[in-house]
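Trainee: If you scroll down you'll find the structure; I have some questions about it.
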Amino acid sequence: MKTNSDMVLSVDGLRTEFRTDGGTLRAVDGVSLGLARGRVLALVGESGCGKTVTAYSILRLIRPPGHLAGGSIVLRPGNGQPVDLAALGDESRELRAIRGSRVAMIFQEPMSALSPVHTVGDQIDEVLLLHAGVDRREARRRTVEMLRRVGIPSPETRADQFPHEMSGGMRQRAVIAMALVCRPEVLIADEPTTALDVTIQAQILHLIKELQAENGCSVLFITHDLGVVAQMADEVAVMYLGRIVESGPVREVLKNPRHPYTAGLLASRPGTSAARHLPVIAGQVPSLHAIPSGCPFHPRCAHRLPGLCDAGPAPALQEISPRHQTACLRSKELTCLLRTPSVSSASTTIPSSVIDP
Amino acid sequence: MNTTEQTTPLLRVRGLCKHFPVRSRGFIRRVTGWIRAVDDVSFDLARGETLGLVGESGSGKTTCARSILRALSPTAGQAVFQSASGPVDLASLPAHRLKPLRREMQMIFQDPFSSLNPRMTAGQIVAEPLVIHRLASGSTLDDRVAGMMSRVGLDPAHRHRYPHAFSGGQRQRIGIARALIMRPSLIVADEAVSALDVSVQAQIINLLRDLRDELGLTSIFVAHDLEVVRHLCDRVAVMYAGRIVEEGPVEEIFADPRHPYTRALLAAAPSADPDIPLPPPVPGETCDTGNLPAGCAFHPRCPDCFDPCRTIRPELTKAAPARRLACHLASTTLR
């Protein structure tokens, strides 16, 4: 069992809500995560599950109509006092000093993370000038070196290019360079390789691992790809509709998932099954406006029991083996989800509210 | 159907090229170079067959598919399509003669958000091809739209809703219904499942597979995800820097990839099993088709590169009964 001081980042009971015309959306609803020092924690889920909002909340980047509705985000730097990011003022100096230097982020969409009117080199220089206390000359030297590290050819020339002069892949590399240039203690990587080609993705995954090993940085890796999770992470947390439904050591969760949603995600990967039809999770992710009662996954679950799964509050995570937790109410009976037909066939009836757009 | 119709490929592509000029800055905008996005691509597509066109961004797979459909005009080469009224070379056909052929060739796009007109209802979108080609109207049109919508797993009662009211997977179903309502003989699907979440992606893959078997569709499936291609295609052509580097039956290519690039692609896909580590990646950038290296375009990244690779461009030649390969090494060692 890891003690608190081994955790460089502890998120506890995080809630992030968005006020909309249709009511309050609970995008993140009581998420707790512990990122151990020097480790990689993957946060995995499909679009809309709240994984990106969780990342934005940790960096306090949520803007109206969204707001942090509760919870704590404690950062324990290697040298210095623990600080609760959730308690800091929205644009406070402390927060600005932490962002980009101690906690850095790689965004999913490279074009929105880069300014279109500054050269890529100038933008990376700026991070160094702000946080590293170096002069312009040294900043550019480190920028060029970093661009080389992320695999940008002729980095001296490329540093003087604008984002629009680069390909999508190049832009994402520049964003990665910008995030890593100050050697952050915590790196939040939000789908950093989703936009990259698979051979380049493999390079970047290796690169992130290398850099992580070099400076012992901890990574919160957000992805939808269980393959990336398996290769990159030590621990994994699976999110569904704003809640963590399963978490634990990667090997255990991926080899013996104990939540039907995790099992369904694993089974529906093309290439996993030689069958003519891929196993699918029935229906689709419901809207956050209409989160099902009981277990939020029950309308799509092949193992749901009427009366148990569809009523009451959403089930809490329960420990089923050391550090392996699942929020499935039937976890005691459902012990080998990957071997049993864990995902529904087409004949399963789904309430129309789930199919309806 | 007579025998020639069965043996003649539905589509025969020969030496297809699409080169884009690179112009200098300023007023004159001289042509300073060429991007060889698609360079000398040849393949046959038999009736009822699904060919996967795979490669990374910039490999020319999308440009190739679009050049065949004449969404882009090819620079050189032929794309002979067996239309209902006989063979036509799509590459050289004057633009006004293309429109009647459009009902026989349809496209499914990658992005279910930008490929649907937000001001049209789902029903109007699906019906539009029939309306444009004046193939149906009134209640016939309504019936066909409703039939097609339920066939792709959409509730016809939702035909009056606009695209924004549908999820990503459902929008992709709308795009598929729009493409199939003409009963085209050739479908080009450009990364049709790439933008979807894995659980939804599996549903759409199953749908495409059912439709293919049921309607006997002939299709070109452009994708970067090899596992998706494996699940949906009969044959696969791997493209690199605008050229096909390896082509053959899908299971053979997966079981025994011979081109170092194909091997690199297969190895680079991360396995969901933590006990199968990601092998060391191939170095280097995806190739810049505006500035091709001499010899084999893959040689700067190739782990097995030897002398001829740096100077002589390997031709795509027959490597096994149903396979073609463009690699010096494989053709010397495997003989």
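Trainee: Taking Rh as the Kirkwood radius computed over C-alpha pairs, what is the Stokes-Einstein D of region A:138-209 at 4 °C in a medium of viscosity 1.567 mPa s, expressed in µm² per second?
Mentor: 104 µm²/s
Trainee: How big is the charge dipole of chain B about its Cα centre, in debye rounded to the nearest 20, if each Lys and Arg gets +1 on its Cβ and each Asp and Glu gets -1 on its Cβ?
Mentor: The calculation lands at about 1460 debye.
Trainee: May I ask which residue of A:Ala87, A:Val134, A:Met7 lies farthest towards the positive end of the charge dipole of chain A, with charges of +1 (Lys, Arg) and -1 (Asp, Glu) on Cβ and the Cα centre as origin?
Mentor: The one lying farthest along the dipole's positive direction is A:Met7.
Trainee: Another one. With point charges of +1 on the Cβ of Lys and Arg and -1 on the Cβ of Asp and Glu, referenced to the Cα centre of region B:115-218, which listed residue (B:Ile205, B:Ile176, B:Ile132) lies farthest in the positive direction of the dipole?
Mentor: Of the options given, the answer is B:Ile132.
Trainee: In whole angstrom, and with the biggest value first, how far do the Cα coordinates of region B:145-302 range along each principal axis?
Mentor: For region B:145-302, the Cα extents along the three principal axes come out at 56, 37, 30 Å.
Trainee: Once you charge only the Cβ atoms, +1 for Lys and Arg and -1 for Asp and Glu, what is the size of the charge dipole of the protein assembly as shown about its Cα centre, to the nearest 20 debye?
Mentor: Around 1120 debye, computed over the protein assembly as shown.
Trainee: If the viscosity is 1.567 mPa s and the temperature 4 °C, what Stokes-Einstein diffusion coefficient in µm²/s follows for chain B when Rh is the Kirkwood radius over Cα pairs?
Mentor: D = 61 µm²/s.
Trainee: Please grab the % of Cα pairs in region B:274-330 that end up more than 16 Å from each other.
Mentor: Of the Cα pairs, 55 percent sit more than 16 Å apart.
Trainee: What is the Cα convex hull volume of region A:1-150 when expressed per residue in Å³?
Mentor: For region A:1-150, the hull spanned by Cα atoms encloses 151 Å³ per residue.
Trainee: Seen from all sides and averaged, what is the projected area of the convex hull of the Cα atoms in region B:9-56, in nm²?
Mentor: Reported value for the Cα convex hull: 4.8 nm².
Trainee: Next question, about the same structure. Over region B:1-131, what portion of Cα pair distances is larger than 27 Å, expressed as a whole percent? Numbers along the way, then the final one.
Mentor: Numbers: 2830 of 8515 pairs.
Beyond 27 Å sits 33 percent of the P(r) for region B:1-131.
Trainee: Over all distinct alpha-carbon pairs, what is the Kirkwood Rh of chain A in angstrom?
Mentor: Its Kirkwood hydrodynamic radius stands at 21.4 Å.
Trainee: On a 0 to 90 degree scale, rounded to 10, what angle separates helix A:198-215 from the longest Cα axis of chain A?
Mentor: The two axes meet at around 70 degrees.
Trainee: Starting from the Cα gyration tensor of region B:221-330, take the square roots of the eigenvalues, sort them a ≥ b ≥ c, and report rounded, prolate or oblate (rounded when a/c is under 1.5, otherwise prolate if a/b is larger than b/c, else oblate).
Mentor: Values: a/c = 1.72, a/b = 1.26, b/c = 1.37.
Cα axes put region B:221-330 in the oblate bin.
Trainee: What's the percent breakdown of Cα-Cα distances in region A:1-54 across 5 Å bins, shortest bin first?
Mentor: The calculated distribution, bin by bin, is 5, 17, 23, 21, 15, 10, 5, 3, 1.
Trainee: How big is region A:197-334 by Rg and Dmax over its Cα atoms, in Å?
Mentor: 16.6, 52
Trainee: Can you pull the mean other chain C-beta count within 10 Å for peptide B:165-172?
Mentor: Mean inter-chain Cβ contacts per residue within 10 Å come to 3.
Trainee: Take peptide B:263-272, look around each residue's Cβ out to 10 angstrom, count Cβ atoms belonging to other protein chains, and average those counts.
Mentor: 6
Trainee: Another question, if that's okay. Counting every Cα pair in the protein assembly as shown, what percent are over 41 Å apart?
Mentor: 33 percent
Trainee: Using Cα springs under 10 Å in a Gaussian network model of chain A, which residue among A:Glu246, A:Glu235, A:Glu109 shows the largest mean-square fluctuation?
Mentor: Of the options given, A:Glu109 has the highest mean-square fluctuation.
Trainee: How much length would be gained if the chain were fully extended between B:His164 and B:Glu128, taking 0.36 nm per residue of separation minus their Cα-Cα distance, in nm to one decimal? All intermediate terms of the calculation are to be shown ahead of the outcome.
Mentor: Values: separation 36, 0.36 × 36 = 12.96 nm, distance 1.81 nm.
Roughly 11.2 nm would be gained on extension.
Values quoted throughout were computed directly from the atomic coordinates according to the rules given, and no laboratory measurement underlies them. Since the model is a prediction, treat every value here as computed from it, not as a measurement. So basically every Cβ, Gly included, is an ideal-geometry build from the backbone, and we count neighbours across all protein chains shown.
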